[in-house]
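S.K.: So that we are looking at the same thing, I have put the structure below in structure tokens.
The values are calculated or read from the model by the stated rules, or taken from the named source; none is laboratory data. Being a predicted model, the structure only gives us computed values, none of them experimental. So basically every Cβ, Gly included, is an ideal-geometry build from the backbone, and we count neighbours across all protein chains shown. Accessible surface is based on the protein model in full, side chains and every heavy atom, while ligands, DNA and RNA are left aside. Shrake-Rupley method; radii C 1.70, N 1.55, O 1.52, S 1.80 Å.
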Amino acid sequence: MPDGGRRAADSGSGAGRPAPVLIAGVGARRGVPEAEVLELIGAVLAAAGRPPAALAALATVAAKAAEPGLLGAARRLGVPLRSYPAAALAAVPVPAPSATVRAAAGTPSVAEAAALLAAGPGARLVAGKRASAPDGRPPMATCALAAPTGADTWGSSAITSGTQGATGAPSATADIVLPLPRSAPPRRGPADGGCRRQYARR
């Protein structure tokens, strides 16, 4: 994606454009190139039928929060990079937890778990984990997309499965929803008699 592509997409009329609600969870090996991360995120968005303007943030495991390739990609996309401890990610249910990823990162999922956790309670996967597909060497990045509960994800309802590269068939196995927290009964306001709901900040 070109530098400032997100800002350019947001600069026009707001009519028909999605709100930036999607979270791209990203897993990465040390030294991952910024270009590889950007290409992968662009491919996952395109495969899910979402424009770059729908992206609100990147998310990853805390151990990768200072990875230059991830930080650079977030800057180029004009979004923040959020990070979470491995233990927090390990508690998030995902379609296909990996023992290999757990051994390396301390959590059985990075991309999908980080996307769901950053999108908040009730979040759902829009696109399952996909690996980058560089020529001549193993992939160094993975990506998944999640949307907050109730978010308008702009048209496409298909949830794509995790595959290598940019394309893949939709799969119900990626339909994972992060449970909503149990809340206390609503309280009636003393003055207006109405119900007031309290929402936790993400």
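S.K.: In the P(r) worked out for the stretch 44-143, what percent of Cα pairs fall beyond 16 Å?
M.R.: Pairs farther apart than 16 Å: 58 percent.
S.K.: Å³ per residue of the Cα convex hull, for the stretch 66-116?
M.R.: Numbers: hull volume 4.3 nm³, N = 51.
Here the figure is 85 Å³ per residue.
S.K.: Report the gain in length on full extension from ARG137 to ARG30: 0.36 nm times residue separation, minus Cα-Cα distance, nm rounded to one decimal. The partial results should precede the final answer.
M.R.: Details: separation 107, 0.36 × 107 = 38.52 nm, distance 1.43 nm.
My answer for the length gained is 37.1 nm.
S.K.: Around ALA28, which amide H atoms from residues at least 5 apart in sequence, or from another chain, sit under 5 Å from its own amide H, with H modelled in the peptide plane?
M.R.: Placed amide hydrogens put THR142 under 5 Å from ALA28.
S.K.: Carbon and sulfur atoms: what percent of the 1.4 Å accessible area of the stretch 65-144 do they account for?
M.R.: Carbon and sulfur together cover 60 percent of it.
S.K.: Taking amide H positions as placed in the peptide plane 1.01 Å from N, state which residues far from LYS129 in sequence (5 or more) or on other chains have amide H under 5 Å from it.
M.R.: GLY162
S.K.: Calculate one ³J(HN,Hα) per residue across the stretch 65-72 by plugging θ = phi - 60° into the Karplus curve 6.51 cos²θ - 1.76 cosθ + 1.60, and present them in order as whole Hz with x for glycine and proline.
M.R.: 4, 9, 5, x, x, 6, 4, x
S.K.: Still on this model: With θ taken as phi - 60° and the coefficients 6.51, -1.76 and 1.60, list the Karplus ³J(HN,Hα) couplings across the stretch 109-116 in order, rounded to whole Hz; mark glycine and proline as x.
M.R.: 8, 10, 4, 5, 5, 5, 4, 5
S.K.: 5 Å is the cut-off here: which amide hydrogens, built 1.01 Å from N in the peptide plane, fall below it relative to ARG82, excluding neighbours closer than 5 in sequence?
M.R.: LEU58, ALA59, THR60
S.K.: Apply the Karplus parameterisation 6.51 cos²θ - 1.76 cosθ + 1.60, with θ equal to phi minus 60°, to every residue of the stretch 85-102 and state each ³J(HN,Hα) to the nearest whole Hz, in sequence, with x for glycine and proline.
M.R.: x, 4, 5, 5, 5, 5, 7, 8, x, 9, x, 9, x, 10, 5, 5, 5, 4
S.K.: What order do you get for 75-88, 58-71 when each peptide is scored by the mean count of other beta carbon atoms within 10 Å, highest first?
M.R.: Ranked by mean Cβ neighbours within 10 Å, highest first: 58-71, 75-88.
S.K.: Mind checking Rg over Rh on the stretch 13-86, alpha carbons, Kirkwood formula for Rh?
M.R.: 0.99
S.K.: Cβ under 15 Å from ALA105's Cβ, ALA105 left aside: what net charge do those residues give with Lys, Arg +1 and Asp, Glu -1? Before the final figure, lay out the partial values.
M.R.: On the way: positive: ARG29, ARG30, LYS64, ARG102, LYS129; negative: GLU67, GLU112.
Spelling it out: positives minus negatives among the neighbours equals +3.
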